[in-house]
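Q: A single structure is presented below for examination.
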Amino acid sequence: MAILLHEEGLLHKSRLYGTDMNEHVLKKAKMGSFPIEKMQLYTKNYMQAGGTRAFSEYYTVKNGVVQFEPFLKDNMVFAQHNLVTDGSFNEFQVIICRNVMIYFNEPLQNHVHGLIYESLCTDGYLGLGNKEGVVFTTHASCYEEVDGTETFYRKVK
Ligand SMILES: C[S@@+](CC[C@H](N)C(=O)[O-])C[C@H]1O[C@@H](n2cnc3c(N)ncnc32)[C@H](O)[C@@H]1O
């Protein structure tokens, strides 16, 4: 997301929040390092998403570990947040909540969808994991699929 915003000239005026309930996960995310084995897939995803540069411009490699450019984290806030027990803490233009709700039962999924709905501005975008969707949730009618995908939605009401 930071790279996308950077290439659109928007990163300097954006604020990105990375949240998880697990502090170890947050600590790892803050480091911005990834195993080199992932780079082939990430490069492919970058190109498919319309990236305009060489993906390798965004990282350096040392001892088999990829370190992303620190400027990408300049406007990022990493915070502990529990989707089940904590409330909404801001209004966002984009929310990406991937591969968490697959582990939740139906009432919990609906609870999290309520939280997401409350936290997303009208016309804001919601990205879910590829085994997740809004179709069978209490908020199905509030979203429109974007580009015919079942994982990327716009909040319409
Ligand atoms: C399978 S990982 C998905 C990570 C990432 N979103 C992705 O797609 O690669 C699930 C993550 O959800 C987090 N998680 C599980 N229950 C949560 C909750 N109630 N609130 C916030 N995060 C939660 C876990 O700590 C874990 O990092």
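Q: May I ask which residue of 65, 87, 122 lies farthest towards the positive end of the charge dipole of the chain, with charges of +1 (Lys, Arg) and -1 (Asp, Glu) on Cβ and the Cα centre as origin?
A: Comparing the listed Cα positions along the dipole, 65 ranks first.
Q: Structure shown: which of 73/157; 38/73; 13/62; 13/38; 30/62; 13/44 lie over 23 Å apart, alpha-carbon to alpha-carbon?
A: Values: 73/157 32 Å; 38/73 19 Å; 13/62 31 Å; 13/38 29 Å; 30/62 17 Å; 13/44 27 Å.
Check vs 23 Å cut-off fails for 73/157; 13/62; 13/38; 13/44.
Q: For the range 2-70, what does the accessible surface come to per residue with a 1.4 Å probe? Please give it in Å². Walk me through the numbers before you get to the answer.
A: Details: 5050 Å² over 69 residues.
Computed with neighbouring chains in place, this is 73 Å² per residue.
Q: Among the GluC sites (Glu not before Pro) within the range 1-55, which fall in a DSSP loop and have no more than 10 other Cβ atoms within 10 Å of their own Cβ?
A: Working: sites: 7, 8, 23, 37; in loops: 8.
Passing both the DSSP loop test and the Cβ count: 8.
Q: Specify the inter-centroid distance of the range 141-157 and the range 45-114, based on alpha-carbon positions, in whole Å.
A: Computed from Cα coordinates, the inter-centre distance equals 19 Å.
Q: Under the 0.36 nm per residue contour assumption, what length would be gained going from the current alpha-carbon distance of residue 13 and residue 69 to full extension?
A: On the way: separation 56, 0.36 × 56 = 20.16 nm, distance 1.78 nm.
Here the segment from residue 13 to residue 69 would lengthen by 18.4 nm.
Q: Roughly how many percent of the accessible protein surface of the range 2-70 is carbon and sulfur, given a 1.4 Å probe and a whole-percent answer? Can you show the working numbers first?
A: Details: 2790 of 5050 Å².
That fraction is 55 percent.
Q: A further question on this structure: Full extension from residue 42 to residue 121: what is 0.36 nm times the residue separation minus their Cα-Cα distance, to one decimal in nm? Each step should come with its number before you reach the end.
A: Values: separation 79, 0.36 × 79 = 28.44 nm, distance 2.88 nm.
So the chain would gain 25.6 nm between residue 42 and residue 121.
Q: Taking H as built 1.01 Å from N, whose amide H comes closer than 5 Å to the amide H of residue 100, not counting residues under 5 places away?
A: 129
Q: Can you give the helix-only mean residue ellipticity at 222 nm for the chain, where every DSSP H stretch with n ≥ 4 adds -39500 (n - 2.57) and the sum goes over all residues, rounded to the nearest 500 deg cm²/dmol?
A: Using -39500 (n - 2.57) per qualifying helix, the result is -7000 deg cm²/dmol.
Q: Assign unit charges at the C-beta atoms only (+1 for Lys and Arg, -1 for Asp and Glu), then state the dipole size of the chain relative to its Cα centre in Debye, rounded to the nearest 20. Walk me through the intermediate numbers first.
A: Numbers: 15 positive and 18 negative charges, 94 e Å.
The calculated dipole for the chain is roughly 460 debye.
Q: Can you list the residues, at least 5 places off or on another chain, whose amide H is less than 5 Å from the amide H of residue 18, using H built in the peptide plane?
A: 77, 78, 79
Q: Are there trypsin sites (Lys or Arg not before Pro) in the range 1-90 that DSSP marks as loop and that have at most 13 other Cβ atoms within 10 Å, and which are they?
A: On the way: sites: 13, 15, 27, 28, 30, 38, 44, 53, 62, 73; in loops: 15, 53.
Taking the range 1-90 and a limit of 13 other Cβ atoms within 10 Å, the loop trypsin sites (Lys or Arg not before Pro) found are 15, 53.
Q: Output the relative contact order of the chain, whole-number percent, from Cα pairs under 8 angstrom with separation of 6+ residues. Numbers along the way, then the final one.
A: Numbers: 202 pairs, mean separation 30.9, N = 157.
Once normalised by length, the contact order is 20 percent.
Q: Mean-square fluctuation check for the chain, GNM, Cα pairs under 10 Å: which of 127, 50, 87 is largest?
A: Answer for the Gaussian network model of the chain: 50.
The values are calculated or read from the model by the stated rules, or taken from the named source; none is laboratory data. Every value quoted in this text rests on a predicted model; they were computed, and no experiment measured them. Cβ coordinates were reconstructed from backbone atoms using ideal geometry, including for glycine residues, and neighbour counts include every protein chain displayed. Side chains included, ligands, DNA and RNA excluded: accessible areas come from the protein's heavy atoms. Shrake-Rupley method; radii C 1.70, N 1.55, O 1.52, S 1.80 Å.
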